[in-house]
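Reading through the structure tokens given below for one structure.
The numbers here are math on the coordinates, done by the rules we state, and not lab data. Note that the structure is a prediction, hence the values are computed from the model and not measured. FYI the Cβ positions are ideal-geometry reconstructions off the backbone, even for glycines, and counts take in every protein chain you see.
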Amino acid sequence: MENSSNIFNFKVGKQLSDQGGRAGVITTPHGEIQTPAFIPVGTKATVKSVLPESMKDLGSQALLANAYHLYLQPGPEIVDAAGGLGKFMNWPGPTYTDSGGFQVLSLGVGFKKVIAMNDETFRSDEVIADKKERLAHVDNDGVTFKSHIDGSMHRFTPEISMQVQHQLGADIIFAFDECTTLHNTRKYQEKSLERTRLWAERCLVEHDRLTKERSTKPYQALWGVLQGAQYEDLRRKAAKDLGSMEIKGVSFDGFGLGGALDKASLGTIVGWMTQELPENKPRHLLGIGEPDDLFVGVENGADTFDCVAPSRQARTSAVFTNVGRVNLTNAKFNRDFNPIDEECDCYTCKNYTAAYLNHLFRSKEMLASTLATIHNERFIVRLVEKMRTTIISGDFAEYKKDFLGRFYAS
Ligand SMILES: [Zn+2]
């Protein structure tokens, strides 16, 4: 959907000859995103420890914040009154918010901190936490959950998620979905997928109503979220259902590829979905940011990515280099007066040494997080940028082989 001042569109450019990967350009009311692109995460409307100007300088084209966190604090009405998410956080470029579905369920239902995606041995609909420990309950209408901040009770429905995300005002917003894990039974996955499909319809209706009601605001693009865990038929069904969904002439502007994705079959699962989705709409692979996973996502047709890992790991002194991940507190760095990564063009590597970072981390100085986060975010942003340029130049396969060969050598 577009009008002259509130444009949103996606143009597909060069494609890989043998796979679904493509370069493209997403246009939003706050600027363009050249894809494939990594979108750094500012969960609570800030990339922890880094100024928005620094995020722009390191090549971030957009930022993604989280609807659940901003709903609880400071509240969407405050972000709305501030002029929307970008204005509130002094980020003039494009913004995304995710629907809050994942956080509501993962914080509420009590998934372990990192969902054990590879555990094939345990299957149960009692996802991880016992009933008494659960902070969230899902029904066909929505999810009731307990705030992780103060224990107060809240409810998200597809309509409420749309209202919250319209108030937050990001350029790209996501439909409210039920995120399952690989632990759920097949029967539960089927039931959940149908629930997510019905919620997607309700999201489109409410999104259309809010778009009309708030017609003076910049256009917000709604992307439907595909679930289906590890099942081919369910993933393809989700892609067909949401890819062709149209209510009163309104359809999704793009798609989020979500849910439980086993690392070993990530490419296969992404491929099932992208084969069924309309070519001319962008796709975002939710929560993926490991270098090898990014290559697999890109070559199978995902256009944008987000993940908290680069900044979260940076704060624990784990940084990326061309020859793999290293920990800066390691004693071997205390007299290393070279940059973290000789090949890196980030502000940190241009101005600081590994020895200085080692000192900052060991003495628990706040600047350690700032400098390490700038480096890690630049590393991943540049990695995906390079995937784009090599798709265009025809050198993608060679670049992938060279990068992965060095990064995972040890
Ligand atoms: Zn660097």
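I want the antiparallel fraction of DSSP beta bridges within the chain, as a percent rounded to 5.
50 percent
With everything on Cα atoms, drop me the angle between helix 366-393 and the longest principal axis of the chain, reported from 0 to 90° to the nearest 10.
Orientation of helix 366-393: about 70 degrees from the principal axis.
Given labels modelled 7 Å from the Cα in the Cβ direction, how far is it in nm from Glu232 to Arg155?
4.1 nm
Any idea what % of Cα-Cα pairs in the stretch 140-233 are farther than 24 Å?
Details: 1309 of 4371 pairs.
Summing the P(r) of the stretch 140-233 above 24 Å gives 30 percent of all pairs.
Based on the Cα atoms of the stretch 315-407, what semi-axes does the equivalent ellipsoid have, where each is the square root of 5 times one gyration tensor eigenvalue, given in whole Å with the largest first?
One finds semi-axes of 27, 13, 10 Å for the stretch 315-407.
Write down the radius of gyration of the stretch 184-226 and its Dmax, each obtained from C-alpha positions, in Å.
For the stretch 184-226, the Cα-based Rg and Dmax read 14.1, 45 Å.
Please give every one of the lysines within straight-line cross-link reach of Lys87, meaning a C-alpha to C-alpha distance under 17 Å, and leave out same-chain neighbours fewer than 8 residues apart.
Lys44, Lys56, Lys217
For the stretch 315-407, with the dipole built from +1 on Lys and Arg beta-carbon atoms and -1 on Asp and Glu ones, taken about the Cα centre, which of Ser317, Tyr399, Thr373 lies farthest toward the positive end?
Final value for the positive-end residue is Ser317.
Can you give the Rg to Rh ratio for the stretch 217-307, taking only C-alpha atoms and Rh from Kirkwood?
The Rg/Rh ratio comes out at 0.97.
Taking the alpha-carbon centroid of each part, what is the distance from the stretch 141-214 to the stretch 301-330 in angstrom?
Taking the Cα centre of each part, the stretch 141-214 and the stretch 301-330 sit 29 Å apart.
Please state the charge dipole magnitude for the stretch 245-316, taken about the Cα centre, from unit charges on C-beta atoms (+1 on K and R, -1 on D and E), reported in debye and rounded to the nearest 20.
That gives the stretch 245-316 a dipole magnitude of about 280 debye.
Using +1 at the Cβ of each Lys and Arg and -1 at the Cβ of each Asp and Glu in the chain, identify which of Asn280, Gly169, Ala82 lies farthest towards the dipole's positive end.
Farthest along the dipole direction, towards plus: Ala82.
Points 7 angstrom from Cα along the Cβ direction at Ala355 and Lys56: gap in nanometres?
3.5 nm
Would you mind giving the average projected area, over all directions, of the Cα convex hull of the chain in nm² with one decimal?
19.7 nm²
222 nm [θ] for the chain, helices only, -39500 (n - 2.57) per DSSP H run of 4+, per residue, to 500?
-12000 deg cm²/dmol
Helix 158-168 versus the longest principal axis of the chain: what is the Cα-based angle in degrees, 0 to 90, to the nearest 10?
Here the helix axis deviates by roughly 50 degrees.
Only Lys, Arg, Asp and Glu count, each charged at its Cβ (+1, +1, -1, -1), so figure out the dipole size of the stretch 315-407 about its Cα centre, rounded to 20 debye. Mind showing how you got there, number by number?
Working: 14 positive and 11 negative charges, 64 e Å.
For the stretch 315-407, the charge dipole is close to 300 debye.
Please identify the longest segment of the chain free of exposed GluC sites (Glu not before Pro), where exposed means a DSSP state other than H, G, I, E or B and no more than 16 other Cβ atoms within 10 Å.
127-278
Find, among the trypsin sites (Lys or Arg not before Pro) in the stretch 213-302, those assigned to loop by DSSP (not H, G, I, E, B) with at most 10 other beta-carbon atoms within 10 angstrom.
Loop-located and lightly packed - Lys248.
Looking at the chain, which longest stretch skips every one of the chymotrypsin sites (Phe, Trp or Tyr not before Pro) that is in a DSSP loop with at most 13 other Cβ atoms within 10 Å, leaving the sites themselves out?
Details: sites that count: Phe122, Phe337, Tyr408.
The answer is 123-336.
Do any trypsin sites (Lys or Arg not before Pro) in the stretch 9-52 lie in a loop, going by DSSP, with at most 13 other beta-carbon atoms within 10 Å of their beta carbon, and if so which? Provide the component values of the computation, followed by the final result.
Details: sites: Lys11, Lys14, Arg22, Lys44, Lys48; in loops: Lys44, Lys48.
Within the stretch 9-52, no trypsin sites (Lys or Arg not before Pro) qualify (loop, at most 13 other Cβ atoms within 10 Å).
With only Lys, Arg, Asp and Glu charged, each at its Cβ (+1 for the first two, -1 for the last two), find how big the charge dipole of the stretch 12-307 is about the Cα centre; round to the nearest 20 debye.
Once rounded to the nearest 20, the dipole reads 400 debye.
Where is the GNM fluctuation largest for the chain (alpha-carbon springs, 10 angstrom cutoff): His30, His375, His137?
Ranking His30, His375, His137 by mean-square fluctuation puts His137 first.
For helix 232-244, report the angle its Cα long axis makes with the longest principal axis of the Cα atoms of the chain; keep it between 0 and 90° and round to the nearest 10°.
Helix 232-244 sits at roughly 70 degrees to that axis.
Contour minus end-to-end for Met366 and Asp395, with contour as 0.36 nm per residue of separation and end-to-end as the Cα-Cα distance?
Working: separation 29, 0.36 × 29 = 10.44 nm, distance 3.99 nm.
Difference between extended and current length: 6.4 nm.
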